[in-house]
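All of the numbers you see were taken from the coordinates with simple rules; none came from a lab. Values in this document were obtained by computation on a predicted structure and should not be read as measured data. Reconstructed Cβ throughout: ideal geometry from the backbone, glycine too, with neighbour counts over all protein chains shown.
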Amino acid sequence: MSNLKKDMAFEEAFADLNDILKKLEGSELTLAESLELYERGMMLTQHCNTLLETAELRLKTLASAG
């Protein structure tokens with residue numbers, strides 16, 4: 001589960017992250033399951049942040065070129 005597709009779209013990663021949050025908030029999970037979900041959630045968060053930073057740089061570049 002800890003593998004993350006590098007080409008995963010922001011929307012897909014964000015949806016996966018929301019699913020993980022729901023599971024962590026509402027389910028009776030073992031400690032191992034909770035840690036695994038938490039780890040994947042952190043990876044998804046980092047991936048989403050990277051995609052947002054990339055988009056922001058592109059917008060800044062476009063704005064300064066125009």
Options LEU24, LEU59, THR45, ranked by Cα towards positive dipole end of region 10-65, top entry (Cβ charges): LEU59
By how many degrees, 0 to 90 and rounded to 10, does the Cα axis of helix 31-65 deviate from the longest principal axis of the chain? 10
Percent RCO, i.e. relative contact order, over the chain, from Cα pairs under 8 Å lying at least 6 residues apart: 45
To the nearest 20 debye, what is the magnitude of the charge dipole of the chain about its Cα centre, counting +1 on the Cβ of each Lys and Arg and -1 on the Cβ of each Asp and Glu? 320
Give me the distance in nm between label points sitting 7 Å out from Cα along the Cα-to-Cβ direction at SER64 and GLU39, one decimal. 3.9
Assuming 0.36 nm per residue, please report the length gained on full extension of the stretch LEU52 to LEU29 beyond their Cα-Cα distance. 5.2 nm
Quick one: net charge around LYS5, please, counting Lys, Arg +1 and Asp, Glu -1 for every other residue with C-beta under 11 Å from its C-beta. -2
Working only with C-alpha atoms, what are the Rg and Dmax values of the chain, expressed in angstrom? 15.2, 54
